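To start, the structure itself, in structure tokens.
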Amino acid sequence: MMTIGQKLALSIVAVEAAICAAFSVDFSCRKSHQMLQTAPNVNLAATAALRPKRRNTLLFMVDDSPAIDSVFSYEEQKLIEELYAKVADDGDIKKVLEETLPSLPPSLVIKLRQAGEDPHEMIRFVASQMNEMLDAQLEEAKMTLQELLDAGEIRKLDAVIGKSARTGKLNVPFFNVLNFNLKDASAEVASNIEKDLPTDGEGAASRLQILQHIYTRCQEEVEKSIPPGLALLNRLLRQPQQPIRLNLYDHYLTPQSNKISTPDGKEIELQGQAAPMVPLEEFVSAIANTVEQIRTVENAGATDRTSAANMVESCRQIAKEARVVIGESFGVESEELNIFQEGLQPVFRPTTAESPYIKGQ
């Protein structure tokens with residue numbers, strides 16, 4: 001069974017992963033010899049013909065207002081025009097898109113992903129170039145996962161995972177492909193159970209276990225390079241056992257005894273306590289940002305309302321459990337508990353329908 005974290009994927013890339021999940025692409029890596037065909041080569045001649053010529057006004061702006069029947073807001077149209085102009089100035093489409101994509105609103109990326117038939121030539125151009133780049137990234141991600149599956153023994157697999165992390169291959173597309181395969185393997189196991197087929201050995205169950213190990217190890221590698229609050233939230237989201245989550249809260253969010261170890265192995269207790277390993281403000285920020293990302297994905301149409309509600313509820317449950325541990329450690333009247341509660345109040349109890357924790361970014 002998939003954990004909460006596997007359904008959510010990495011909390012730090014929840015938006016991008018959901019964007020990728022909205023694509024109609026098959027990422028199954030059942031066997032090493034069943035790799036899908038690579039994405040079609042870019043038609044350089046067609047690309048050159050489509051390269052934009054610089055314009056000073058929005059191509060689809062009429063009387064300083066959004067175009068009629070456009071799915072893009074006025075602000076989104078301006079961003080597309082700016083991107084179009086950068087491509088015209090620079091000439092290196094790939095470079096411009098790679099530099100610009102991380103700063104674009106996720107909702108705009110999702111719309112562009114589906115804008116291949118848009119009546120506006122500029123939008124079609126930007127959308128087609130972005131889709132080609134994203135498709136290539138997803139194909140590379142599939143190849144990375146296949147390399148991990150082909151590693152064989154655990155020691156070699158861990159070495160390949162470490163190398164992939166250092167070279168930046170454990171990115172958004174990779175985790176989306178990995179999650180797709182986890183869902184596929186889980187469904188295969190469930191189907192075998194219904195048909196009374198064996199669920200052990202080298203079949204579906206073995207594939208699922210290998211993928212789960214890859215998922216866990218890749219998560220651990222990524223967590224080494226992200227902010228502590230986000231890393232902790234990610235670990236909590238993929239931990240199904242409450243007792244272990246309670247230990248994590250206690251270890252990372254509460255003061256720890258201040259000890260030093262002597263050369264002979266003895267521990268000396270010092271006065272005072274060490275500060276929590278994860279500042280409460282960082283943990284609050286991680287939860288708030290994740291909820292906002294989930295709502296952004298939901299309102300952009302990349303996930304359904306039920307799935308989004310379940311993911312937000314998972315974050316809420318973690319916040320409730322952490323609140324109990326923080327209160328027991330610092331005291332129910334403590335400033336620390338007040339900071340934690342006040343920081344999450346607008347997240348789970350927004351006072352307006354325009355809140356980013358309802359509408360997203």
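The values are calculated or read from the model by the stated rules, or taken from the named source; none is laboratory data. Owing to the predicted nature of the structure, the values given are computational and were not obtained by experimental measurement. Note that each Cβ is placed from the backbone with ideal geometry, even for glycine, and that neighbours are counted across all protein chains shown. Keep in mind that these areas ignore ligands, DNA and RNA; they rest on the heavy atoms of the full protein, side chains included. Shrake-Rupley method; radii C 1.70, N 1.55, O 1.52, S 1.80 Å.
Return yes when residue 164 is closer than 19 Å to residue 224 by Cα and either buried (at least 17 other Cβ atoms within 10 Å of the Cβ) or within 16 Å of the chain's Cα centre (by Cα) (or both) and no when it is not.
yes
What do you reckon, is residue 259 in a helix (DSSP H, G or I), at pLDDT below 90 and either on the phi < 0 side of the Ramachandran plot or open to solvent by 80 Å² or more (accessible area, probe 1.4 Å) (or both)?
no
Return the residues of the range 342-354 that are over 21 Å from residue 242 (Cβ atoms) and open to solvent by 10 Å² or more (accessible area, probe 1.4 Å); say none if nothing qualifies.
Once the filter is applied, which keeps residues that are over 21 Å from residue 242 (Cβ atoms) and open to solvent by 10 Å² or more (accessible area, probe 1.4 Å), the range 342-354 yields 342, 343, 345, 346, 349, 350, 351, 352, 353, 354.
Suppose we filter 108, 134, 112 for residues that are farther than 17 Å from residue 171 by Cβ, buried (at least 16 other Cβ atoms within 10 Å of the Cβ), of a type in the set (A, V, I, L, M) and touching a Phe, Trp or Tyr at 6+ places or on another chain (Cβ under 8 Å); which single one remains?
Among 108, 134, 112, only 108 is farther than 17 Å from residue 171 by Cβ, buried (at least 16 other Cβ atoms within 10 Å of the Cβ), of a type in the set (A, V, I, L, M) and touching a Phe, Trp or Tyr at 6+ places or on another chain (Cβ under 8 Å).
What's the total number of residues in the range 220-229 that are modelled with pLDDT under 90 and part of a helix (DSSP H, G or I)?
Selection size over the range 220-229: 3.
Inspect the range 329-336 for any residue being of a type outside the set (Lys, Arg), part of a helix (DSSP H, G or I) and surrounded by 20 or more Cβ atoms within 10 Å (Cβ to Cβ) and give the result as yes or no.
yes
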